[in-house]
Amino acid sequence: MSHDSQESTVTDQTLSNRLRERAKLLIRGALHRVDLDVSRGPYPNRLARTLDAQGIDTVLDIGANVGQFASMTRRAGFAGRMISCEPLRGAFGELRARASRDPEWTPLHTAVGSAAGTTTINVSANSFSSSVLTMTEVHLTSAPGSGYVAQETVALTTVRDLVAEQSLVPARTLLKIDTQGFEDEVLSGAGELIGEFGAVQLELSFVELYAGQKLFDDLYERMRSNGYHLHIIEPGFSDASGRLLQCDGLFVRTAV
């Protein structure tokens, strides 16, 4: 290739790169104006790669709502078994309909906590903010329209019982917990199994969004003491000042 041809090729590549970056900026600018974002390597893809690298072929999805987490994990390429637990009647109906199209996806109509029995869950207007715990003013101010509108009495089981009933192998299972402040209770219901899961994903709050909940530092130390390290952090929602209130943390077992 002649020197002139090489220069022409480089110029074309440079122009193409500039146009691509300009298009990205325009798209991001439009999304940011409506408080949305896009990023390289979205979380579901990073999660799916982690599950593959850790030899994890099962997801135990606690607090599934209508199946958002399981659906995005499946779209990211995870082909293994999924068990999704959701206590609310309305959300479970949608979850069951979605799971019915996937033979490897089992929906269970139950809440999960530290002991089996029943409990009362406060139903949020937006469904996914529903919790056994009382919502704080910080949450209500930061997420208008999330207030409680009803209550439901629901069945309650434990992670330990689910592992036995579903014949799960913890070392090959991701335990995902998104229970709106009830995460510590769910971990307690795993008992001695808590250190055996291949990975654990927790919703982690930096401020008290639900009265009495354990915050980031407590749950982080609990996971560390059980032999896990923090592998991925995915930011959650923020208040009007931009302060991050919540995130998802993916923990994997530390190699011995």
Identify, please: which residue in the stretch 142-189 is in contact with a helix residue (DSSP H, G or I) (Cβ under 7 Å, 6 or more places away or on another chain) and of a type in the set (Lys, Arg) and is, among those, farthest from Arg224 (Cα to Cα)? Arg160
In the stretch 141-148, is there at least one residue being under 30 Å from Arg49 (Cβ atoms) and either outside the structural domain of Ala91 (by TED's automatic domain parsing) or touching a Ser or Thr at 6+ places or on another chain (Cβ under 8 Å) (or both)? no
Somewhere in the stretch 197-205, is a residue assigned by TED's automatic domain parsing to the domain that holds Gly67, farther than 23 Å from Ile121 by Cα and in contact with a helix residue (DSSP H, G or I) (Cβ under 6 Å, 6 or more places away or on another chain)? yes
Criterion (without any contact (Cβ under 8 Å) to a residue 12 or more places away in the chain and polar (S, T, N, Q)) met by exactly one of Ser167, Ser142: Ser167
Residues (outside any loop (DSSP other than H, G, I, E, B) and either aromatic (Phe, Trp, Tyr) or surrounded by 17 or more Cβ atoms within 10 Å (Cβ to Cβ) (or both)) located in the stretch 38-67: Tyr43, Pro44, Leu47, Ala48, Thr50, Leu51, Thr58, Val59, Leu60, Asp61, Ile62
Keeping to the stretch 115-168, report how many residues are over 22 Å from the mean Cα position of the chain (by Cα), of a type in the set (D, E, K, R) and surrounded by 14 or more Cβ atoms within 10 Å (Cβ to Cβ). 1
Residue that is surrounded by the fewest Cβ atoms within 10 Å (Cβ to Cβ) [pool: residues in the stretch 68-114 that are in contact with a helix residue (DSSP H, G or I) (Cβ under 8 Å, 6 or more places away or on another chain) and among the polar types (S, T, N, Q)]: Thr106
Segments classed as strands (runs of 3 or more DSSP E), wholly inside the stretch 173-256, with at least 1 members that are acidic (Asp, Glu): 199-205, 228-235, 246-253
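The values are calculated or read from the model by the stated rules, or taken from the named source; none is laboratory data. Note that the structure is a prediction, hence the values are computed from the model and not measured. For neighbour counting, all protein chains shown are included, and Cβ atoms are generated from backbone atoms with ideal geometry for every residue, glycine included.
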